[in-house]
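The structure appears right after this line, and notes come after that.
The values are calculated or read from the model by the stated rules, or taken from the named source; none is laboratory data. Everything quoted here is computed from the prediction, not taken from an experiment. Here the Cβ positions follow ideal geometry from the backbone for every residue, glycine too, while neighbour counts run over all protein chains shown.
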Amino acid sequence: MLGTMKRAGVILIVILAFLGLADSLYLTQSELSGTPLLCNIQNLSGCNVVATSQYSHIFGIPLAEFGILFYGIMFVLAALEIVIFDQFLRRLLQAIALLGLVSSLYFVFVQIFFIGAFCIYCTISGFITLGIFICASRIEPLRRHPPLSTAKPLPMPPKP
């Protein structure tokens, strides 16, 4: 039962990574085409302010493209982990999920304290990343199975 729950967590990472990819692809498409983002949700309608701010690029690359890279890597790693039970894959999934969470927290901090506007797509991305991190942190490392037989060896008969 517990193993099934763990598998469900990895499958949920695949689904969340796919949703994150869709979110990041929309932001990237908007950036490349120059089309304003659709966002008219109360208190989260600063999408275009955030997307066009000086903080929306790192080394000239839009943050949404880093999102595509992050979610793409998470999608592939989780999909591989479903079919290949590998300790290294699990640890890599967990490490990259932590990196994504720290990055998302930083970007939320920038929205609050530097830009003063909120983007619904960025907020959704942050929640998706949090979900991925929670699922990844619950993946147990592989354990070695105990020997098939735990019976004690029979004592040797005494010598005559």
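Brief remarks follow.
- Residue in the stretch 117-137 that is outside any helix (DSSP H, G or I), at pLDDT below 95, in contact with a helix residue (DSSP H, G or I) (Cβ under 8 Å, 6 or more places away or on another chain) and surrounded by fewer than 16 Cβ atoms within 10 Å (Cβ to Cβ) present: no
- Sole exception among (1) modelled with pLDDT of 90 or more; (2) touching a helix residue (DSSP H, G or I) at 6+ places or on another chain (Cβ under 8 Å); (3) among the hydrophobic types (A, V, I, L, M, F, W, C) for Ala22, by number: (2)
- Failed criterion for Phe66 (all others in (1) surrounded by fewer than 19 Cβ atoms within 10 Å (Cβ to Cβ); (2) touching a strand residue (DSSP E or B) at 6+ places or on another chain (Cβ under 9 Å); (3) more than 21 Å from Leu16 (Cα to Cα) hold): (3)
- Thr35 being β-branched (Val, Ile, Thr), at pLDDT 95 or above and out of contact with any Cys (no Cβ under 9 Å at 6 or more places or on another chain): no
- So Ala97, is it aliphatic (A, V, I, L, M) and under 30 Å from Ala8 (Cβ atoms): yes
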